[in-house]
Amino acid sequence: MKLQDIETFVVGNPPPHNGGRYFVFVKLITDGNVHGVGEAYCVPFHPDLVARMLEDVFDRYLCGEDPHDIEKMWRRVYSAGFTQHPDLSLMGVLSALEMACWDIIGKEAGQPVYKLLGGRVHERLRSYTYLYARPGDRADVYQDADFAAERALEYVAEGFTALKFDPFGPYSAFDGRQPSLATLERCERFVRQLRAAVGSKADLLFGTHGQMTAAGAIRLARRLEPYDPLWFEEPVPPDAPEEMAKVARSTRIPVAAGERLTTKYDFARLLRVGAAAILQMNLGRVGGILEAKKIASLAEVQHVQIAPHLYCGPVVGAANIQLATCSPNFLILEGIERWQGFHAEVLRKPIRWEDGYILPPTEPGLGVELNEEFISRHPYMGTMLHLDMAGQPL
């Protein structure tokens, strides 16, 4: 079996853009007409360029190769252009291609990918969602603590047992920074109100995006500790694991991190300094499914858990499900609400979510197929990136 052809799809995600402004999908096709799908996460170039990057890397390193030879292809791409270093853009591209290879491997074997990576450990996978805004909201769910508490109760009524939110405010290219007293007060009130609303029915996941210095994060963590969040997410920028370790040593709240890291080398540094109790690799960036499995194993040695990250489309979500199902140290999985709406429509068969849990598929490969007729009607026509940071200090 040889990889023979590639197709790419840049799909515009309509407002309110939950999961980002667009999704970049890829389909690889073998000489036996077996195909596999993948998705690249948040490569910092216009998605049309990302599609071209996928094609270029495929033509250079994957075309004509056996999709089973993951390790060989991975090393060649990782070292492309004399890099041999964790490169977020290249690894986002490789992740999508590697994911598609695993989809093909599973289809050829007639097995879900998790059966090929150790087998099923978990019968169902606990999931969480952000508190998302909805059309017609009377208030800002990201800033209004009372309204956020109401939305949290709605999610709990649907079956969620864990909820994430980020009341800290915008993130900037000039982070980390010291939080203001007003920000500290707003964040504490947010957690206090949500804990009062949900009680012990749901874990609270305090999400930040590297906005603070270690000193500032420690100040905030001390305010949040009485409300017992399950985690404090990426409190400092991802380029300084030693600074994140200072926060981890100074708070009783578990620190979670990893959505902006890639490869086992980045995560080994995080583990080496004790910077996180929970790893949040995104399989559309980290280097693919096998690389994520290696990272999960590194974490398992240190009794660190994994909570795969998702702020993109459902193909990465499907890959996350495969990893989570076969990983003994799996904690919880991020989803975009209940995988409904646009996230379901881009697939021929939606991901199964019931009462707060995802049910792993039994179909071979990743267990999902793109609805190409549907996504062809939703091209991305914008110029903005998947996510943007403020360009000035805040």
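Observations on the model:
- Two-site FRET efficiency, L153 against S376, from Cβ-Cβ distance with R₀ of 51 Å, rounded to 0.05: 0.85
- Rounded Å value of the spacing that divides the Cα centres of region 100-157 and region 41-62: 26
- Residues of region 71-91 with amide N under 18 Å of the 7 Å Cα→Cβ point at D239: 85-91
- Derived scalar couplings between HN and Hα for region 276-286 equal 8, 9, 9, 9, 10, 5, 9, 6, x, 9, 6 Hz in order, rounded to whole Hz, by the Karplus curve 6.51 cos²θ - 1.76 cosθ + 1.60 (θ = phi - 60°), x for Gly and Pro.
- A helix-only calculation puts the chain at -11000 deg cm²/dmol for mean residue ellipticity at 222 nm, using -39500 (n - 2.57) for each DSSP H run of at least four residues, averaged over all residues.
- Helix axis angle, 214-224 relative to the chain longest principal axis, alpha carbon, degrees: 70
- Within region 66-168, the trypsin sites (Lys or Arg not before Pro) that combine a DSSP coil assignment with at most 16 other C-beta atoms in a 10 angstrom radius are R120, R124, R138.
- In sequence order, calculated HN-Hα J values of region 329-339 (Karplus, 6.51, -1.76, 1.60; Hz; x Gly/Pro): 9, 5, 10, 6, 10, 7, x, 9, 6, 9, 6
- Label-point separation, R252 to L359 (7 Å along Cα→Cβ), nm: 3.9
- Percent RCO, i.e. relative contact order, over the chain, from Cα pairs under 8 Å lying at least 6 residues apart: 23
- Once both labels are positioned 7 Å from their Cα atoms along Cα-to-Cβ, the gap between Y265 and Q392 label points is 3.8 nm.
- A Förster radius of 30 Å combined with the Cβ-Cβ distance from E225 to A344 puts the calculated FRET efficiency at roughly 0.20.
- Each residue, F45 and D69, gets one label point 7 Å from its Cα in the Cβ direction; the gap between the two is 2.5 nm.
- Computed over region 1-96: relative contact order in percent, which uses C-alpha pairs under 8 Å that are six or more apart: 31
- For the chain: rounded, prolate or oblate by the Cα gyration tensor [a/c cutoff 1.5]: prolate
- Taking the DSSP beta bridges with both ends in the chain, the antiparallel portion is around 50 percent.
- Shape of region 16-105 from the C-alpha gyration tensor: oblate (a/c of 1.5 or more and a/b not above b/c, with a ≥ b ≥ c the square roots of its eigenvalues).
- Against the chain, whose longest principal axis is taken from its Cα atoms, helix 314-325 shows a tilt of about 80°.
- Looking at region 222-298, the trypsin sites (Lys or Arg not before Pro) that sit in a DSSP loop and have at most 13 other Cβ atoms within 10 Å of their own Cβ are R252.
Coordinate-derived values only; no laboratory data. These numbers come from a predicted model, not from an experiment. Heads up, the Cβs are rebuilt from the backbone with ideal geometry, glycines too, and the neighbour counts pull from every protein chain shown.
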